[in-house]
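J.: Got a structure for you, questions after.
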Amino acid sequence: MPAILVTNDDGVSSPGIHALADALKALGEVTVVAPTQEASAIGHALTLRRPLRIDAHGGGVYAVDGTPTDCVNLGVDVILKRRPDLVVSGINKGWNLGDDVTYSGTVAGAMEGALLGIPAVAVSLRRTPEFDFSHAAEAAVTVARAALAHRWPARTFLNINVNTGPPKGFRVTTQARRNHVTQIDSRVDPRGQAYYWIEEALDEWHPDGGRTDYEAVMEGYVSVTPLQADLTDYDAMETLDGVLKARF
Ligand code: MN
């Protein structure tokens with residue numbers, strides 16, 4: 001039976017992770033290792049300057065007072081004591097599309113699995129007032145089954161985004177580019193000092209002929225983007241080399 005490690009960034013008590021874990025039990029032995037508290041937008045952070053503790057909740061569920069990346073490492077080294085066959089991160093309350101994946105703790109949990117050489121999947125659902133995780137959980141099981149059966153290129157992991165309602169099918173996508181629409185709400189505290197809230201959910205995405213993750217979810221498909229941790233712009237290398245050689 002395959003061993004499946006499940007994590008998230010919304011925290012161990014988020015209903016999304018339990019919907020995901022319950023659905024994945026059809027495929028293997030599921031162990032949940034998730035942050036004690038919400039760690040959304042924490043990216044790929046690794047906790048190095050304080051100790052970490054594991055709180056066993058029973059039933060194969062463990063809380064770690066750290067980040068999703070911490071959870072994957074402690075899950076593999078301390079709890080499972082071996083590499084699982086699959087890491088799945090989610091189901092996140094809110095999409096992780098396009099350039100936003102760089103902020104995402106959900107995506108980072110899957111990325112850490114991939115960096116450890118384990119097939120890995122991140123799953124995110126559209127943010128709505130009430131969450132129905134059923135379609136996202138079903139999509140996650142379909143992709144997880146494929147990930148267990150097939151070999152991707154090493155270090156590649158999959159980023160799934162799901163809209164509300166029954167999906168039309170799956171679409172393999174690219175990351176959309178985010179147009180610059182970050183909004184910062186400036187306020188003044190009772191002592192006259194300024195403070196700031198970075199506003200979420202104001203993203204605007206650049207369309208690209210239907211190829212992007214954003215377009216796929218807006219058109220009712222499950223978006224599946226193959227991602228890698230290597231951010232090198234290979235196309236830029238020759239030009240950069242020429243520029244540096246010409247100058248120095
Ligand atoms: Mn989150």
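The values are calculated or read from the model by the stated rules, or taken from the named source; none is laboratory data. This structure is a prediction, so every number in the text was calculated from the model and none was measured. Every residue, glycine among them, receives a Cβ derived from its backbone with ideal geometry; neighbour counts consider all protein chains shown. Surface areas here come from the heavy atoms of the whole protein model, side chains and all, with no ligands, DNA or RNA. Shrake-Rupley method; radii C 1.70, N 1.55, O 1.52, S 1.80 Å.
J.: Shape call for the range 152-219 from the C-alpha gyration tensor, a ≥ b ≥ c root eigenvalues: rounded (a/c under 1.5), prolate (a/b greater than b/c) or oblate?
T.: Prolate, because a/c is 1.5 or more and a/b exceeds b/c.
J.: Out of the total accessible area of the range 142-248 (probe 1.4 Å, heavy atoms of protein only), what percent is carbon and sulfur?
T.: 52
J.: Roll a 1.4 angstrom probe over the protein heavy atoms and tell me the percent of accessible area of the range 53-132 that is carbon or sulfur.
T.: Of the solvent-accessible surface of the range 53-132, carbon and sulfur hold 48 percent.
J.: Got a sec? Charge dipole of the range 171-242, +1 on Cβ for Lys and Arg, -1 for Asp and Glu; which of Tyr196, Tyr214, Thr225 is way out at the positive end?
T.: The Cα lying farthest towards the positive end belongs to Tyr196.
J.: How big is Rg to Rh over the chain, alpha-carbon atoms, Rh as the Kirkwood inverse-mean-distance radius?
T.: Across the chain, the Cα-based Rg/Rh ratio is 1.01.
J.: Out of the range 104-203, which chymotrypsin sites (Phe, Trp or Tyr not before Pro) are coil in DSSP terms and have no more than 12 other C-beta atoms within 10 Å?
T.: none
J.: Rounded to whole Å and sorted largest first, what semi-axes of the equivalent ellipsoid does the C-alpha gyration tensor of the range 1-71 yield via the square root of 5 times each eigenvalue?
T.: Semi-axes from the Cα gyration tensor: 21, 12, 11 Å.
J.: Rounded to the nearest 5, what is the percent of antiparallel bridges among the DSSP beta bridges in the chain?
T.: Close to 40 percent.
J.: Using a Gaussian network model on the chain with a 10 Å cutoff between Cα atoms, which of Glu200, Glu219, Glu238 fluctuates the most?
T.: Comparing Glu200, Glu219, Glu238 in a Gaussian network model of the chain, the most mobile one is Glu238.
J.: Still on this structure, I have one more. Starting from 0.36 nm per residue, how many nanometres of slack lie between Leu80 and Val172 once their C-alpha separation is accounted for?
T.: Extra length available between Leu80 and Val172 comes to 30.0 nm.
J.: Using a 10 angstrom cutoff on alpha carbons, build the Gaussian network for the chain and name the most mobile of Arg50, Arg171, Arg126.
T.: Top of the fluctuation ranking is Arg50.
J.: Now, a different point. Under a 1.4 Å probe, what is the accessible area of the chain per residue, stated in Å²?
T.: Ligands and nucleic acids excluded, the result is 55 Å² per residue.
J.: Rounded to the nearest Å, what's the spacing between the alpha carbon centres of the range 134-173 and the range 43-57? Just the number, please.
T.: That distance is 28 Å.
J.: Next question, about the same structure. Calculate the all-directions average of the projected area of the range 120-248's alpha-carbon convex hull, and give it in nm².
T.: 13.6
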